[in-house]
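Peer 1: Handing you this structure, nothing more for now.
Please treat every number below as a calculation from the coordinates, not as lab data. What you see is a predicted model, and the numbers here were worked out from it, not measured in a lab. Reconstructed Cβ throughout: ideal geometry from the backbone, glycine too, with neighbour counts over all protein chains shown.
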Amino acid sequence: MANETKEQNHSITQTVNQRYAKAVTNGEQLCCPTGYNHEDLGQFIPEPVLKVSYGCGTPVGLSTVQPGEVVLDIGSGGGIDCFEASRKVGPQGRVIGIDMTDEMLALARLHAPTVAKNLGYPEPNVDFRKGFADAMPVEDDQVDLIVSNCVINLAPDKGKVFQEMYRVLRPGGRFTISDIVADQPIPNYLIYDKAKWGDCLSGALTIKDYWGGLRDAGFKGVHQVNQIPWRVIDGIQFLSVTLTGYKLASASATPSSTFATFTGPFSQVVDELGTTYARGNPQQIDERTAALLALAPYQDRFILAGRPVALTAQDPRMLVVYPEEAPCVWEGQFAVLTGPFLSVCDDDHHTYQCGEPIEICSKTYKVLQTDSYQPYFAAINRSRDGVHAEPVISGTSAGCC
């Protein structure tokens, strides 16, 4: 069975490799082309590179780059994201691009000197290396930021990819990647359809498995930056997501003098270390938890202090969003918690587990579209032909508000 799986993975990799190699010359549009700003990038990146730029999300992680950092691009293709990273890190920084396709690597290497010259650098600071996402030719703890644009779904063994990402990142490093995920498991007839792999369909994980794989590799603060619906194939919803996570610097579980108070909007949450917080109630945390809650996706929702800080309902720091008092309609909407919390409870009897779709009514959907809730959820509508239902007043027995 192990040999059979290995052969299947190798066959898929070869198929994808051949298709991307042909795209260099035939101009085929693969996956879902991203709206790069070609006018801006064209000021320093040659046109042949811009023409073979594929992806499913703008590489927003590059907006966080600091001069002098080391950036790794998994699946660098013709080099567009590497060259943009080169501009961001400056001549003292370094960029590593990894790709398995010789034709793509040749194109990127050919134009690297031109990009360096256009940026005014004495020499290129981009190193294009042949390799695979699940066996990266990069030393341990070398990278500040990993970016990847619609590539990891093409890897048969994503668990190994996530482990490799964790290995090469420095403690305190981060990733921002865009990829295709699905709202339910991909059936075998799609998994074994090699043509669909190049379309970024057959290799898509569910949101639950994608987020879970990253956390199993050791990442924390895994959360959605952006998501948009992409395609619906045989009732399976495919989403383009951009997500970020972090490799925490080592910290112990030694009790600290820090107290954490969750401010909302949820009534209760569970963080990635398994700690449960009730809104407004302070609790003492250890050093490892303090480091977790200091991460960007957590810090705005917690008060960290050297003494207990309890919040009352009248405290302006307490955030609560109740559904309106009105009938609701079932419209085919499902909500998926996308982190960073493992589990959350709202003020309307719903408990959401990260990555698991839960059907919601129109009133709950409206709540989840507010600024307080929206960053934590992906919304999916599974109704194919629309819904023609009468408004109802639902109770908890109906699984709604």
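Peer 1: Just report the Cα centroid separation between the stretch 358-381 and the stretch 282-338, whole Å.
Peer 2: Rounded to whole Å, the Cα centres lie 15 Å apart.
Peer 1: Would you work out the charge dipole size for the stretch 287-359 about its Cα centre, treating the Cβ of every Lys and Arg as +1 and the Cβ of every Asp and Glu as -1, and quote it to the nearest 20 debye?
Peer 2: With Lys and Arg at +1 and Asp and Glu at -1, about 580 debye.
Peer 1: On to the next question. Per-residue counts of other Cβ atoms within 10 Å, averaged by peptide: what ranking do you get for 101-108, 296-303, highest first?
Peer 2: Values: 101-108: 19.8, 296-303: 17.4.
In descending order of packing, they fall as 101-108, 296-303.
Peer 1: Can you give the charge dipole size of the stretch 231-354 about its Cα centre, rounded to the nearest 20 debye, using +1 on the beta carbon of Lys and Arg and -1 on the beta carbon of Asp and Glu? Present the calculation step by step, with values, prior to reporting the outcome.
Peer 2: Numbers: 7 positive and 13 negative charges, 107 e Å.
Using Cβ point charges on Lys, Arg, Asp and Glu, the stretch 231-354 gives about 520 debye.
Peer 1: Moving on. In nm, to one decimal, how far is the modelled label at D385 from the one at A310, with both set 7 Å along Cα→Cβ?
Peer 2: My value for the distance between the label points is 5.7 nm.
Peer 1: For a paramagnetic label modelled at 7 Å from the Cα of S250 toward its Cβ, which residues of the stretch 148-168 fall within the zone defined by backbone nitrogen distances under 18 Å?
Peer 2: Output list for this probe position: 166-168.
Peer 1: How are the C-alpha pair distances of the stretch 87-192 spread across 5 Å bins, as whole percents from the shortest bin up?
Peer 2: Bin by bin from 0 Å, the calculated values are 2, 10, 17, 21, 19, 15, 8, 4, 2, 1, 0.
Peer 1: Sorted from largest down, give the three principal axis spans of the alpha carbons of the stretch 143-186, whole angstrom values.
Peer 2: 34, 17, 15
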